[in-house]
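Written out below as structure tokens is the structure these notes cover.
The values are calculated or read from the model by the stated rules, or taken from the named source; none is laboratory data. What you see is a predicted model; the values in this text were computed from it and never measured. Every residue, glycine as well, gets a Cβ built from its backbone with ideal geometry; the counts of neighbours run over all protein chains shown. Note: areas computed on protein heavy atoms with side chains; ligands, DNA, RNA excluded. Shrake-Rupley method; radii C 1.70, N 1.55, O 1.52, S 1.80 Å.
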Amino acid sequence: DSADNTYLILLRYNLKEMKSSAYDYIYQYNESWKSNTEEKLLSKEFKKFYFEGIEIFRVKVETERRSKYEATSYIFVVKDYLYDLTYKKDIDKSSAIDSEIFNDVLYSMQCENVDLFDYNSKKYLKEENVEFKSDPIN
């Protein structure tokens, strides 16, 4: 769209090379908002979903910089690789179709021959909040 800060991105990191974990990545994501001076953080939500054989984190943040934006990230690990699929959109300019396309991309992903979501059911076994100690916004 015409918004400067709208994007869809897939990042992939080798956790062994980084000597890190999904939890470290999520923690750093949360910490980065404490020092961000370009955008005002309006809300954030960290959740963990348990699918058969895999944990998937969802991070949702709402920010404001000339207009309001929402970024949704799904973060998961498959065979020592961390994947971060993020969609950031202008809340006022996006539509339900945009979110539906993002969800279709997410739910159809296969990494290292692993079908993450069992595309036909998309059902998770359990959901829980991820909280950080001494975090006033969470």
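Summary table below
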quantity	calculated
Entirely in the range 6-108, the helices (runs of 4 or more DSSP H) that have 3 or more residues that are over 26 Å from Leu125 (Cα atoms)	15-18, 22-35
Unmet requirement for Val114, which otherwise passes all of (1) open to solvent by less than 70 Å² (accessible area, probe 1.4 Å); (2) farther than 19 Å from Ala22 by Cβ; (3) at pLDDT below 80; (4) of a type outside the set (Lys, Arg)	(2)
Test: residue in the range 51-65 that is in contact (Cβ under 8 Å) with a residue 60 or more places away in the chain, open to solvent by less than 20 Å² (accessible area, probe 1.4 Å) and aliphatic (A, V, I, L, M)	yes
Sole exception among (1) surrounded by fewer than 18 Cβ atoms within 10 Å (Cβ to Cβ); (2) more than 21 Å from Glu128 (Cα to Cα); (3) not basic (Lys, Arg) for Val78, by number	(2)
Identity of the residue in the range 12-42, open to solvent by 50 Å² or more (accessible area, probe 1.4 Å) and of a type in the set (Gly, Ala, Ser), that ends up farthest from Asn113 (Cα to Cα)	Ser35
Val130 closer than 24 Å to Tyr13 by Cβ, open to solvent by less than 30 Å² (accessible area, probe 1.4 Å) and at pLDDT 80 or above	yes
